[in-house]
């Protein structure tokens with residue numbers, strides 16, 4: 001029973017961690033709280049739908065590639081012209097991009113949800129230490145852990161990663177040292193595309209449907225996670241995402257039945273409280289001055 | 001230096017007189033048109049109320065809110081409870097919880113209901129203010145967004161009271177063009193004189209430089225609370241009017257799409273002036289109507305799939321953000337027509353810094 | 001090598017520099033001194049491409065200097081800003097590797113090795129988070145990071161600000177060594193006395209970016225009015 005709960009929390013938390021890291025990466029590098037991130041999930045969902053008849057490895061790669069491409073197109077067309085704009089303008093712009101993508105999808109696919117045939121292997125339950133847990137949760141935990149390790153390696157072991165972290169701390173200084181702004185920002189968008197693509201695969205294969213508004217709720221929850229964790233640091237954001245997975249799971253467990261539908265109200269009420277008391281997030285970026 | 005009284009007229013009264021005249025002209029033009037155009041016009045005037053309400057917080061203080069549609073929702077639901085005939089209500093809400101039973105029997109006319117709706121929204125805003133007004137920038141944006149999601153979720157799921165996702169019905173359809181014009185004019189006048197009041201001018205000074213404003217002892221937080229509550233009241237009244245216009249509604253009408261619409265109107269017109277708020281709303285509404293007709297094939301003869309109008313409007317907002325971040329008005333109020341003027345523009349900023 | 005002519009620059013509606021001109025010749029160590037707010041830092045920022053040039057020209061090696069901040073280091077101009085601005089979350093090694101962004105991998109590695117010889121303390125803390133370094137060590141890191149790019153001109157803004165006197169002496173020795181190795185240096189400093197000791201030439205700047213003196217550093221150091229105005233105050237500050 002407890003193990004089942006832990007597995008559920010870990011897999012849910014893991015997906016949110018991917019999303020919040022993606023948000024925090026863009027925020028720390030260019031000050032963008034990306035409202036259009038939810039539409040990356042949507043794009044991933046439609047890619048899954050279109051590629052559903054291919055063998056699954058191709059479907060997975062194709063979906064991730066599609067989301068990365070959408071992410072890069074957004075950067076090039078909408079956010080590059082706004083490079084020097086303030087965070088608020090960027091937030092409003094990302095809101096516009098979100099509406100643009102959502103309605104473009106509506107034009108192409110119509111307003112109704114499309115069903116995606118489930119993969120049998122993922123729908124089964126597996127026996128783990130005596131507990132019966134869904135295979136998709138185990139896969140989700142494995143994939144998100146692997147992706148987080150890969151991201152950590154990229155950020156700490158490669159020159160691109162060093163440049164990204166430097167740009168996140170002091171964009172202008174990185175620029176002065178010859179780090180090319182376009183390259184770093186495009187890399188950040190590509191990384192968020194990969195994270196968003198994987199998150200889309202997990203969320204949408206679990207759900208079995210895709211619609212134009214599918215990204216909205218995950219995006220809002222990820223916003224909360226990023227804000228609660230502290231938007232300036234990737235570790236804080238990742239933790240915020242995990243924490244949120246745990247809190248939503250916990251609320252599911254402790255809220256009496258008739259209050260269950262209000263879970264999101266509690267979660268978002270919580271973010272108002274967190275912001276009111278700790279505007280920099282629960283884990284603020286460490287200021288170091290010697 | 002031009003004569004003092006002249007400059008007072010120019011910066012203190014002229015813009016609001018001109019805006020009211022514009023609204024009356026729009027109303028007069030609509031009065032003579034067909035029923036479809038009248039509905040388009042009433043819809044636009046309701047959005048004038050909502051956007052001007054949003055402006056009296058975001059425009060005046062510079063803190064962008066994504067949560068104001070929550071106040072509109074609250075206003076709409078409050079007004080509906082007050083104006084749906086009690087007999088109808090008994091049937092609509094069989095499971096109303098005991099402590100809210102009074103909602104089934106209470107009944108008022110339209111205008112008292114609007115005032116009460118405004119009051120309820122204001123009270124809710126006051127309750128939230130300790131959490132909101134201290135924040136600015138992105139944090140304020142996210143916190144207000146969280147308010148919107150919270151209110152939306154509650155309205156959507158509290159079936160016994162709000163009927164949840166099944167629509168609210170039975171609201172009298174009596175929001176006439178005359179009422180819409182009256183409400184828009186009153187709201188524009190209130191917002192204008194608020195922005196010219198001591199609190200408004202102090203907030204504008206703080207908008208320019210919050211740190212400096214705090215250091216010279218301006219009570220930014222208290223002033224922002226006033227603006228926040230006032231703007232919630234205005235938006236609540238707008239929501240009340242809206243409920244009597246569409247008569248059947250669900251929480252979805254007061255969520256992200258409508259939030260996008262109001263913000264786009266404000267940004268396109270120019271967030272830093274009341275003229276921008278009003279003009280942006282009218283331009284956006286006209287454009288949206290034209291696009292709706294293009295999309296449905298009435299103009300151009302080719303039907304486009306749903307969403308085409310929104311795509312164009314989103315692109316327009318992006319273009320404005322990139323090419324003209326100050327909006328169409330670039331933060332200016334309506335200029336006085338050429339003839340009595342010797343010197344234009346900038347006078348408002350001087351007044352703000354002098355306060 | 002670097003020639004600034006009739007430069008006007010500023011922030012928003014504030015014009016900090018009006019009609020400023022100065023030159024730096026190859027191999028020279030040029031000191032730029034003056035009271036706070038005169039426009040010294042703004043001059044350096046204009047050279048670094050951080051503050052846009054409104055009018056006038058900055059020429060570099062017989063051509064006008066154009067393009068954004070990221071291009072300057074490719075032209076051989078390395079700028080060490082006020083407050084050092086090292087990446088505190090990154091290690092010393094990572095900071096230095098960022099200095100080598102514009103170099104090939106082998107050249108960069110060699111240059112990093114050279115700077116570690118020059119600043120042994122950086123080798124000692126090579127894998128540490130640079131935010132944990134002391135102020136003086138951070139300043140050395142900032143200079144080393146700039147030198148890793150093998151600049152032809154090193155632009156230093158207030159390198160000794162807030163450092164202990166013994167470290168200030170160290171830094172001035174390092175600056176002298178760099179000049180002796182052939183690096184051209186433009187130095188903005190509050191510590192006027194020490195600057196005039198090491199500099200070949202000096203400029204005195206007054207508010208608005210007005211240059212009121214230009215000439216040999218020794219000549220300026222001997223000037224009575226200048227001594228009364230700057231040096232006594234400068235030496236008091238250095239003692240404080």
Open item on the list: Between C:188, C:24, C:121, where does the largest GNM mean-square fluctuation fall for chain C, given springs only between Cα atoms within less than 10 Å?
Closed with: C:121
TODO: Would you mind checking the tilt of helix B:220-246 against the longest principal axis of the Cα atoms of chain B, expressed as 0 to 90 degrees and rounded to 10?
DONE: 50
- [ ] Calculate the spin-label point distance for residue B:107 paired with residue A:149, positioning each point 7 Å from the Cα along the beta-carbon direction, and give it in nanometres.
- [x] 7.0
TODO: State the Kirkwood hydrodynamic radius of chain C in Å, one decimal place, computed from all pairs of distinct Cα atoms.
DONE: 18.2
Open item on the list: Students often get this wrong: which residues of segment B:147-184 have the backbone nitrogen under 19 Å from the point 7 angstrom along Cα-to-C-beta of residue B:87?
Closed with: B:169-174
TODO: Can you tell me the FRET efficiency between residue B:293 and residue A:2 if r is taken as the Cβ-Cβ distance and R0 is 56 Å, rounded to the nearest 0.05?
DONE: 0.40
Task: segment B:129-260 shape via C-alpha gyration tensor axes, a/c threshold 1.5 - done: oblate
TODO: Rank these for me by crowding, B:77, C:11, B:255, A:16, going from fewest to most other beta carbons within 10 Å.
DONE: C:11, B:255, B:77, A:16
Task: Part-to-part distance (alpha-carbon centres) for segment B:231-286 and segment C:148-223, which is given in Å - done: 60
- [ ] Give me A:42, C:205 ranked fewest to most by other Cβ atoms within 10 Å of their Cβ, as a rough exposure proxy.
- [x] C:205, A:42
TODO: For a footprinting-style exposure proxy, rank C:166, B:246, C:77 by other Cβ within 10 Å, fewest first.
DONE: C:166, B:246, C:77
Task: chain C: relative contact order as a whole-number percent, Cα under 8 Å and 6+ apart - done: 27
Task: Cα gyration tensor category, rounded, prolate or oblate, for segment B:25-252 with a/c compared to 1.5 - done: oblate
Open item on the list: How would the protein assembly as shown be classified by its alpha-carbon gyration tensor: rounded, prolate or oblate, with rounded meaning a/c under 1.5 and the a/b versus b/c comparison settling the rest?
Closed with: oblate
- [ ] Quick one: check the C-alpha center-to-center distance for segment A:178-206 versus segment A:259-276, whole angstrom.
- [x] 28
Task: Computed over chain B: relative contact order in percent, which uses C-alpha pairs under 8 Å that are six or more apart - done: 28
- [ ] Quick one: angle between helix B:68-83 and the longest Cα principal axis of chain B, in degrees between 0 and 90, rounded to 10, please.
- [x] 50
Task: Inter-part distance where segment B:101-124 and segment C:69-89 are each reduced to a Cα centre, Å - done: 62
Task: 0 to 90° range, to nearest 10: angle between helix A:216-229 axis and chain A longest Cα axis - done: 60
Task: Within 10 Å of each Cβ in C:79-86, the average number of Cβ atoms from other chains - done: 3
Task: Spin-label pair residue A:83/residue B:123, simplified geometry with 7 Å Cα→Cβ offset, distance in nm - done: 5.3
Task: Those residues of segment B:18-51 whose amide nitrogen sits under 13 Å from the label point placed on residue B:336, 7 Å along Cα→Cβ - done: B:18
Task: Ratio Rg/Rh, restricted to segment A:2-216 and using Cα atoms, in which Rh is the Kirkwood radius - done: 1.00
Open item on the list: How shielded is B:128-135 by partner chains, expressed as the average number of their Cβ atoms within 10 Å of its Cβ atoms?
Closed with: 3
TODO: Return the distance in nm (one decimal) between the two label points of a simple spin-label model at residue A:124 and residue B:252, each offset 7 Å from Cα along Cα→Cβ.
DONE: 3.9
TODO: Kindly state, to the nearest 0.05, the FRET efficiency for residue C:14 paired with residue A:69, given R0 = 35 Å and r defined as their beta-carbon distance.
DONE: 0.20
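None of the figures in this text is laboratory data; all of them are computed from the coordinates on show. Here the structure is a predicted model, which means the values were calculated and not measured. Here Cβ is always computed from backbone atoms with ideal geometry, including for glycine, and neighbour counts include all displayed protein chains.
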